[in-house]
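K.L.:
Once you've had a glance at the structure underneath, I'll fire off some questions.
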Amino acid sequence: SVSSSGQTKLTTLNLVLDPGTSCTKNIYSKGRRGKPKFLVSSAVVCPTSVEPGLEETYVKLAEDEQYYLVGDSAVQTKIKSSVRQLKSESITVKVLGAVGQIAREESLASNFKLNLALLLPMSEMADQTFVETELIKALTDFTYSGNSYQIEVSSIRFRPEGNGIYTYFTRTADSDVLKNQTAVYLMFGYRNTSLLLIENGRFNSVNSHSTDLGFYNYLDLVAKYSSGLYRDDIQNAIVTEASYGVGDNCQQVIKGFTSSIRIEDLIRSTSKKYQERERAAISAAINRADEEYWQLLSSWLREKLTPLGQVDRIIYCGGSISFIDTPVNEFFEGWNGTLLNTNDLGIELLDNIQLLNWLYGLKL
């Protein structure tokens, strides 16, 4: 579009990016009235000194001799995301990869404006200034799969993981009630578990925490107590299923999702005798991992949680809650406050970005 002064008005891309270790999640829109859309991409970044082919997806920074394979091209290299690497260390390339992919899919010009919100674990929030400086410099001039981009950064905001859930509740709940409550938001992620404390409507950064006791620890425990299995084997055997109910119009609707490890996918023996033995051994490994992983999490919670007598509401969320939902509820049994998970919220958000229609199309 052209402004009244005759100059071309730059398109604005609004992007919220969660640079997860399991995958990178993005919600974005064009301009003020653009419809929210979603993009989920691989979290893997693979540096290479060899110039990628035309069909490969990659990022090239102006002042860096390396190329960085992203998306499916990075996955095909078989390299894995490191749970030990700081998210802030790889975030620049992840942002450029997401921005480049969105720009290509949305046919954006080579220069546009960007409003960016980034999620980081509490333990890495101190890196904000460094990350912002690196991002602004990189976005000014980079290449995505052969296309050159010069992006003007309008704003970069940093939010702790779990902040989106808190923001949603502040917009939908009675503000007077929230101002007089103490709430805890627990986010059980793949790499990190985070605790956000909100007192009288204000974020208490001093008593909010994150730890690296993420879901990958559970996968490693299952592998440890199994024979010949590795983290990736177990992760690939996880299946997510939708639970259905009846909606207001008497049609079938998705009410929530549950995840579990499909043991049959892990059995490699060919004889029935050994299959039964292997099935029992894997089941025992899962049960032991269930118990030990929750012991780790519950010890951390006891150490970091504000005394429950001072807490009015606890909201928990994250991709691993299917595996710990029962012990979480047992942990807070007898407490007089309100305990909520984000099943209903997740369904509502999926509906808002029309992801539910896509899920129905898959016939989960």
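The values are calculated or read from the model by the stated rules, or taken from the named source; none is laboratory data. Being a predicted model, the structure only gives us computed values, none of them experimental. Reconstructed Cβ throughout: ideal geometry from the backbone, glycine too, with neighbour counts over all protein chains shown. Side chains included, ligands, DNA and RNA excluded: accessible areas come from the protein's heavy atoms. Shrake-Rupley method; radii C 1.70, N 1.55, O 1.52, S 1.80 Å.
K.L.:
Given the criteria under 26 Å from Ser299 (Cβ atoms) and in contact with a Lys or Arg (Cβ under 6 Å, 6 or more places away or on another chain), does Leu213 qualify? If you could, list the steps in order and put the result at the bottom.
P.N.:
On the way: under 26 Å from Ser299 (Cβ atoms): yes; in contact with a Lys or Arg (Cβ under 6 Å, 6 or more places away or on another chain): no.
No, not satisfied.
K.L.:
How many residues, within segment 311-341, are in contact with a strand residue (DSSP E or B) (Cβ under 6 Å, 6 or more places away or on another chain), more than 26 Å from Leu221 (Cα to Cα) and of a type in the set (S, T, N, Q)?
P.N.:
The number of residues fulfilling the criteria is 1.
K.L.:
Just checking, does segment 211-230 include any residue being surrounded by fewer than 16 Cβ atoms within 10 Å (Cβ to Cβ), touching a residue at least 12 places away in the same chain (Cβ under 8 Å) and of a type in the set (Ser, Thr, Tyr)?
P.N.:
For segment 211-230, residues surrounded by fewer than 16 Cβ atoms within 10 Å (Cβ to Cβ), touching a residue at least 12 places away in the same chain (Cβ under 8 Å) and of a type in the set (Ser, Thr, Tyr): present.
K.L.:
Moving on. Name the strands (runs of 3 or more DSSP E) wholly within segment 14-62 that hold at least 2 residues that are under 19 Å from Gly146 (Cα atoms) and over 18 Å from the mean Cα position of the chain (by Cα)?
P.N.:
Details: elements: 23-30, 37-42, 46-48, 58-61.
It comes to 46-48, 58-61.
K.L.:
What about Tyr244, is it more than 23 Å from Met122 (Cβ to Cβ) and open to solvent by 60 Å² or more (accessible area, probe 1.4 Å)?
P.N.:
Working: more than 23 Å from Met122 (Cβ to Cβ): yes; open to solvent by 60 Å² or more (accessible area, probe 1.4 Å): yes.
Yes, satisfied.
K.L.:
Which numbered condition in (1) part of a helix (DSSP H, G or I); (2) surrounded by fewer than 15 Cβ atoms within 10 Å (Cβ to Cβ) is the only one that Thr270 fails?
P.N.:
(1)
K.L.:
Another question about this same structure. Go through segment 305-321 and give me each residue that's surrounded by 18 or more Cβ atoms within 10 Å (Cβ to Cβ) and not in a strand (DSSP E or B).
P.N.:
Leu305, Val311, Gly318, Gly319, Ser320, Ile321
K.L.:
Now for a separate question. I'd like to verify a number: residues in segment 253-300 that are farther than 18 Å from Gly228 by Cα, of a type in the set (Asp, Glu) and in contact (Cβ under 8 Å) with a residue 24 or more places away in the chain, how many?
P.N.:
2
K.L.:
Based on what the data block shows, is Ser205 open to solvent by 20 Å² or more (accessible area, probe 1.4 Å), over 19 Å from the mean Cα position of the chain (by Cα) and of a type outside the set (Val, Ile, Thr)?
P.N.:
Working: open to solvent by 20 Å² or more (accessible area, probe 1.4 Å): yes; over 19 Å from the mean Cα position of the chain (by Cα): yes; of a type outside the set (Val, Ile, Thr): yes.
Criteria met by Ser205.
K.L.:
Here is a follow-up. Just checking: which of the helices (runs of 4 or more DSSP H) contained wholly in segment 174-239 hold 1 or more residues that are within 30 Å of Asn336 (Cα to Cα)? Break it down stepwise before answering.
P.N.:
Values: elements: 175-179, 215-224, 231-236.
Answer list for segment 174-239: 175-179, 215-224.
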